[in-house]
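Here is the structure we will look at, set down as structure tokens.
The values are calculated or read from the model by the stated rules, or taken from the named source; none is laboratory data. Owing to the predicted nature of the structure, the values given are computational and were not obtained by experimental measurement. Note that we place each Cβ from the backbone using ideal geometry, even for glycine, and neighbour counts take in every protein chain shown.
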Amino acid sequence: MRQSMTGFAGAAGGLGGLNWSWDMRGVNGKGLDLRIRVPDWIDGLEAGLKGIASKVLARGNVTISLRLQGTEEEGAVQLSEAHLALVLEAMTLIETQAMNKGLSLAPSTAAQIVGLRGILNSGATQGDSKALCAQLLSEFSHVLAEFTAMRGAEGDALQAILSAQVDEIEALTKVAAEQAEMRRDEQAARLRAALARVMDNTDGVDPQRVAQELALIAVKADVTEELDRLRAHVLAARDLLRQPGAIGRKLDFLMQEFNREANTLCSKAQSAALTRVGLDLKTVIEQMREQAQNVE
């Protein structure tokens, strides 16, 4: 199954005096960037989540968030008087130093102070965090499975889109080859005219230099190499799309190679029809590159 880097999953659960909700989101990224937001008093939870997720995910910017809330029956929250005292002492010190420097600070409200980390804690304690951590890690496996399933569904859609775009690139490459063949007589006439101009100005010129200039004129008009490379890139892209696992980085590199050949084809076209085909190629390649950046 092809995996997209975009996905979402959520779940809710509870244990003892706590209720919780999971939120897991992913977008595209160059590598795997896990951002985990969980209560720091649950020992081992963040490390456990990172270990589980990194075994399944290869790329993407992924955010994992956990919100905990105590039930009313168990006493939803507790005020940490010790922590509150430290915060108030620090606030007093800050206000004093600000006044000494002639600064006036806006007064803090009770709601702002309560919102500071550590002032209000859930009814659960660190003593029972081990069982809670085990329960949360077990539940997270289901969240991760839902997340990867969503990425897989989007990945299958991306697979179909990318395959169709490869087919379109192949068809345009064939048209480009036909246009290159149709301009052969016109190119031959241009080459003869260029040759005549060179030969009219060869008095005292090194014959080897003349040969080099003629060869350069011919090379600038020949798109055979670019067409051959485009065909090879089409085969490579199809092979990549058949491979399992993470192919995003390789596909992104291949898109750069596609674009390079299309650019060179346009610069060598010397034909309005061939230039149009080259521009169509660049358009499809850019569209495919944008889709490829979402592939894990």
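Is at least one residue of the stretch 78-101 on the phi < 0 side of the Ramachandran plot, modelled with pLDDT of 90 or more and not in a loop (DSSP other than H, G, I, E, B)?
First, the residues of the stretch 78-101 that are on the phi < 0 side of the Ramachandran plot: 78-101.
Next cut, modelled with pLDDT of 90 or more only: none.
The answer is no; no qualifying residue exists.
Considering the stretch 1-51 alone, what residues qualify as being closer than 17 Å to His142 by Cα and charged (D, E, K, R)?
Correct list: Asp23, Arg25, Glu46, Lys50.
Any idea how many residues of the stretch 218-235 are surrounded by fewer than 16 Cβ atoms within 10 Å (Cβ to Cβ) and closer than 28 Å to Val27 by Cβ?
Within the stretch 218-235, residues that are surrounded by fewer than 16 Cβ atoms within 10 Å (Cβ to Cβ) and closer than 28 Å to Val27 by Cβ number 0.
Can you confirm whether the stretch 239-250 contains a residue that is at pLDDT 90 or above and more than 21 Å from the chain's Cα centre (by Cα)?
Within the stretch 239-250, one or more residues are at pLDDT 90 or above and more than 21 Å from the chain's Cα centre (by Cα).
Quick check on Ala262: is it surrounded by fewer than 16 Cβ atoms within 10 Å (Cβ to Cβ) and in a helix (DSSP H, G or I)? Even if it seems obvious, please write down each step before you answer.
Numbers: surrounded by fewer than 16 Cβ atoms within 10 Å (Cβ to Cβ): no; in a helix (DSSP H, G or I): yes.
Criteria not met by Ala262.
Residues checked against (1) surrounded by 13 or more Cβ atoms within 10 Å (Cβ to Cβ); (2) under 13 Å from the mean Cα position of the chain (by Cα); (3) assigned to a strand (DSSP E or B):
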site: Trp22; (1), (2), (3): yes, no, yes
site: Trp41; (1), (2), (3): yes, no, no
site: Gly48; (1), (2), (3): yes, no, no
site: Gly51; (1), (2), (3): no, no, no
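Kindly check whether there is at least one residue in the stretch 220-233 that is part of a helix (DSSP H, G or I), at pLDDT 95 or above, among the β-branched types (Val, Ile, Thr) and closer than 17 Å to Glu170 by Cα.
no
Listed residues Arg238, Arg276; which is surrounded by fewer than 20 Cβ atoms within 10 Å (Cβ to Cβ) and touching a residue at least 24 places away in the same chain (Cβ under 8 Å)? Walk me through it before giving the result.
Working: Arg276 fails: touching a residue at least 24 places away in the same chain (Cβ under 8 Å).
Only one candidate passes the filter, namely Arg238.
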